[in-house]
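Trainee: Below: one structure in structure tokens.
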Amino acid sequence: MKRFKGTGVAVVTPFRNDTSIDFAALGRIINHLIAGGVNYIVTLGTTGESVTLSRDEKRAIIAHTLEVIDRRVPLVVGIGGNNTQEITDFIRKTDLSRVDAILSVSPYYNKPNQKGIFLHYKTVATSSPVPVILYNVPSRTGSNMTAETCLELASSCENVSGVKEASGDFTQIMKILRDKPDDFLVISGDDMNALPVIAAGGAGVISVLGNAFPSAWSEMVSHALKSNLKSAREIQYKYIELIELLFADGSPAGVKAMLSTLGLCNNILRLPLVPVNKQLQARIQKAIESIS
């Protein structure tokens with residue numbers, strides 16, 4: 001799991017004008033990330049609009065991403081949802097032989113209690129041939145995986161190797177950091193909180209901003225992990241406005257607007273998501289120009 005210490009990027013899924021997958025643009029973005037020094041890539045996450053993709057499209061993205069990466073960096077694949085049986089079925093029927101880990105979001109909409117969350121992840125971990133990174137994001141799922149549940153999974157499920165924590169609850173995050181097994185990774189799920197989570201003992205970040213600015217964000221995380229906090233703060237503060245703009249009109253609409261401005265992909269999303277409004281697009285353009 002040391003391979004997942006540092007900067008991971010939750011890569012977008014680019015679309016053509018007809019909303020079919022733009023594999024050429026996906027390749028450009030992946031090479032952009034690797035050239036920018038990211039430590040690993042995460043595909044089929046929330047930022048990748050995974051809930052709008054069919055099973056066949058997901059498998060095609062995994063295959064293309066592996067081909068482009070060509071073993072240069074590790075790959076994490078998002079496989080999660082609120083139907084435990086469906087997730088385990090997808091894992092069983094998908095070739096994960098060259099995948100390094102899966103990232104699995106805590107069940108959403110159903111709002112299971114902590115026992116349900118624990119048993120869900122235990123079942124997923126048992127089914128997975130690769131390590132499982134938990135993903136706690138209450139703002140999207142409608143329920144929180146507590147520190148106690150996370151720690152129970154970390155200690156009792158050998159295949160559960162880390163957590164992407166996006167609760168924004170620093171008391172909860174620090175309890176996990178204090179009591180976790182030594183080899184269990186706590187990864188920030190928020191770009192804005194990446195620096196304080198790393199300073200508290202976290203292993204890095206799975207970033208959205210990194211799609212557009214992988215070099216700068218990898219440098220910030222590297223400084224933070226080396227306790228060069230002054231240098232890390234300088235970069236973090238420089239990008240605060242852009243991080244805020246990422247989510248001002250929905251995500252991944254914000255980062256796709258940035259990638260479009262940078263000429264890396266079309267500014268197209270699949271419904272029910274839509275591009276950012278014109279005023280925000282102008283603010284994003286101005287903010288990018290201001291840091292150039």
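Trainee: Using a Gaussian network for the chain with springs between C-alpha atoms less than 10 Å apart, which of these wobbles most: ASP89, ASP191, ASP100?
Mentor: Maximum among the listed residues: ASP89.
Trainee: Still on this structure: Taking neighbour Cβ counts within 10 Å as the exposure measure, how do GLU234, GLU241, GLU289 sort from fewest upward? Don't jump to the answer; show the numbers that get you there.
Mentor: Working: GLU234 12, GLU241 15, GLU289 9.
Neighbour counts put them in this order, fewest first: GLU289, GLU234, GLU241.
Trainee: Once you order the gyration tensor axes a ≥ b ≥ c over the Cα atoms, which shape class does region 104-143 get: rounded for a/c under 1.5, otherwise prolate or oblate by comparing a/b with b/c? Walk me through the intermediate numbers first.
Mentor: On the way: a/c = 2.89, a/b = 1.61, b/c = 1.79.
Oblate, because a/c is 1.5 or more while a/b does not exceed b/c.
Trainee: Which of HIS223, HIS64, HIS120 comes first, and how do the rest follow, when ranked by fewest Cβ neighbours within 10 Å? It would help to have the intermediate numbers written out before the result.
Mentor: On the way: HIS223 20, HIS64 17, HIS120 24.
Fewest-to-most Cβ neighbours within 10 Å comes out as HIS64, HIS223, HIS120.
Trainee: As a check on your grasp of the helix formula, calculate [θ] at 222 nm for the chain: sum -39500 (n - 2.57) over DSSP H runs of n ≥ 4, divide by the residue count, round to the nearest 500.
Mentor: Numbers: 13 runs with 133 residues, N = 292.
Dividing the helical sum by the residues of the chain leaves -13500 deg cm²/dmol.
Trainee: Can you give me the long-range amide H partners of ASN82? Hydrogens built in the peptide plane at 1.01 Å from N, cutoff under 5 Å, separation of 5 or more residues or another chain.
Mentor: TYR108
Trainee: Given (i) 65, 38, 32; (ii) 49, 45, 35; (iii) 70, 44, 32 as candidate values of Cα extents along the principal axes in Å, which corresponds to the one derived from the coordinates?
Mentor: Answer by label: (ii).
Trainee: Further question: Excluding residues on the same chain fewer than 8 positions from LYS93, give the lysines whose Cα lies under 17 Å from its Cα.
Mentor: Cross-link targets: LYS58.
Trainee: Any aspartates and glutamates with Cα under 18 Å of the LYS278 Cα? List them, leaving off those in the same chain fewer than 8 positions away.
Mentor: By straight Cα distance, LYS278 reaches GLU241, GLU244, ASP249, GLU289.
Trainee: Test of understanding: ordering LEU134, LEU66, LEU119 by Cβ neighbours within 10 Å, fewest first, what list do you get?
Mentor: On the way: LEU134 27, LEU66 17, LEU119 12.
Ranked by crowding around the Cβ, least crowded first: LEU119, LEU66, LEU134.
Trainee: Going through the cross-link list LYS164/LYS226; LYS180/LYS230; LYS115/LYS226, which pairs have a Cα-Cα distance over 30 Å in this structure? Before the final figure, lay out the partial values.
Mentor: Numbers: LYS164/LYS226 20 Å; LYS180/LYS230 28 Å; LYS115/LYS226 37 Å.
From LYS164/LYS226; LYS180/LYS230; LYS115/LYS226, over 30 Å: LYS115/LYS226.
Values in this text are rule-based calculations from the coordinates and carry no lab data. This structure is a prediction, so every number in the text was calculated from the model and none was measured. Methodologically, a virtual Cβ is constructed for each residue, glycine included, from the backbone with ideal geometry; neighbour enumeration extends over all protein chains shown.
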